[in-house]
Amino acid sequence: MRMTRSEFIAWPNKAITLMGMSGVGKTTLAYKLPKSTWFHFSGDYRIGTKYLAEPILDNIKQQAMQVDFLRDLLRSDSIYIDSNITVHNLESIATFLGKIGRSDQGGLSVNEFNRRQNLHRTAEIGAMRDVAEFIEKANQIYGYDHFINDAGGSICELDDDETMQTLAKHTLILYLRADKNLEKTLIQRALDNPKPMYYQAQFLRENLDEYLKVDGLASADDIVPDQLASWVFPRLVEHRKPKYQKLADTYGYTVDARFIAEANNETDFLGLVAGTLEQD
């Protein structure tokens, strides 16, 4: 959605999509807005609780069935297993995505990893296309004046014009762009604690082949999962930056993530957005 500063200020029911790398401050910002008037839609939460809910549970149950004690209880319906996904606890989703590498270290085969990646892409598209419906629900059913769409870090990887056009039609899209210092911080976090990530298929193929050559490995089954995840993350950051920027240039606006971090409340945030529109 494109609009002038004055149009944004006068907009009675504001709906904004935040996009950027995971860790750039999207969720933190959403929680600085008044909970009484802003509906917080988490794309990752929607992915985990609707679109990947069954695959996530199947994965957990498959692991549990390898334990004799739990297998007998599950088969007799004596216990049940559920995932406890919250906006601040998305570990079940991350565990499902997994990492490529040695099975004795929890790694997945390339084929299984790709299967889960494809499921995640479909789920993320579904979650983002749900935004329009939830904007209406938030206002008409729950009485929220405003709506914030906290999009997942891999939204720029979808390459799905229909999804982005839907978001642009119903929300003002803001790209929270990290500067070099924040990029270094995000990369260091990934080195210290490698997380499962979504990768575009071509990006994964190219970098996986290179990693095998660099490390002198014969097969992806020989990879130490965390080592590959750490090695590839800086490349992923560089891969995503032009994609985010293209989406912002086409459908929305760019704001420095440093300024977002300095916004302490709704007034600060709305003033920052209005100022961004004024400069466009």
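Can you run down the residue pairs with Cβ atoms below 9 Å, 6 or more apart or on separate chains, where the first is in region 153-179 and touching a residue at least 60 places away in the same chain (Cβ under 8 Å) and over 24 Å from residue 39 (Cβ atoms) and the partner is assigned to a loop (DSSP other than H, G, I, E, B) and hydroxyl-bearing (Ser, Thr, Tyr)?
Within 9 Å, the pairs are 157/198; 157/199.
Within region 197-206, work out how many residues are touching a helix residue (DSSP H, G or I) at 6+ places or on another chain (Cβ under 6 Å) and buried (at least 18 other Cβ atoms within 10 Å of the Cβ).
Final tally of qualifying residues: 2.
For region 248-257, what are the residues that are assigned to a helix (DSSP H, G or I) and of a type in the set (Ser, Thr, Tyr)?
250, 251
For residues that are surrounded by 14 or more Cβ atoms within 10 Å (Cβ to Cβ), in contact (Cβ under 8 Å) with a residue 60 or more places away in the chain and of a type outside the set (Ser, Thr, Tyr), tally how many sit in region 242-267.
Within region 242-267, the subset surrounded by 14 or more Cβ atoms within 10 Å (Cβ to Cβ) is 243-245, 247-248, 251-261, 263, 266.
Filter once more, so that each one left must be in contact (Cβ under 8 Å) with a residue 60 or more places away in the chain: 243-245, 247-248, 251-258, 260-261, 263, 266.
Still in the running and of a type outside the set (Ser, Thr, Tyr): 243, 245, 247-248, 252, 255-258, 260-261, 263, 266.
Result for region 242-267: 13.
Let me confirm something: among 225, 194, which residue is crowded, with 18+ Cβ neighbours inside 10 Å and either under 30 Å from residue 32 (Cβ atoms) or of a type in the set (D, E, K, R) (or both)?
Numbers: 225 fails: either under 30 Å from residue 32 (Cβ atoms) or of a type in the set (D, E, K, R) (or both).
Selected residue: 194, the only one of 225, 194 that is crowded, with 18+ Cβ neighbours inside 10 Å and either under 30 Å from residue 32 (Cβ atoms) or of a type in the set (D, E, K, R) (or both).
Considering 162, 112, 133, 157, which residue is on the phi < 0 side of the Ramachandran plot and surrounded by 21 or more Cβ atoms within 10 Å (Cβ to Cβ)?
157
Please name all residue pairs, on different chains or six or more residues apart, with Cβ atoms under 7 Å, provided the first residue is in region 81-99 and is within 23 Å of residue 31 (Cα to Cα) and the second residue is among the aromatic types (Phe, Trp, Tyr) and outside any loop (DSSP other than H, G, I, E, B).
Going by the 7 Å Cβ cut-off, the qualifying pairs are 85/45; 87/45.
Tally the residues that are hydrophobic (A, V, I, L, M, F, W, C), part of a loop (DSSP other than H, G, I, E, B) and crowded, with 16+ Cβ neighbours inside 10 Å, restricting the search to region 15-72.
The qualifying residues number 4.
I need the full set of residues from region 154-196 which are more than 26 Å from residue 232 (Cα to Cα) and of a type in the set (D, E, K, R), in order please.
161, 162, 169
List pairs: first residue in region 127-139 and in contact (Cβ under 8 Å) with a residue 40 or more places away in the chain, second residue in a helix (DSSP H, G or I) and among the aromatic types (Phe, Trp, Tyr) anywhere in the structure, Cβ distance under 7 angstrom, at least six positions apart or on different chains.
127/51
Name the residues in region 141-166 that are in contact with a Phe, Trp or Tyr (Cβ under 7 Å, 6 or more places away or on another chain) and under 16 Å from residue 19 (Cβ atoms), would you?
Selection gives 147, 148, 149, 150, 154, 156, 157, 164.
Each value in this text was obtained by applying a stated rule to the coordinates, not by laboratory testing. Because the structure is predicted, anything quoted here is derived from the model rather than measured. Glycine also receives a Cβ, built like all others from the backbone with ideal geometry; neighbour counts cover every protein chain displayed.
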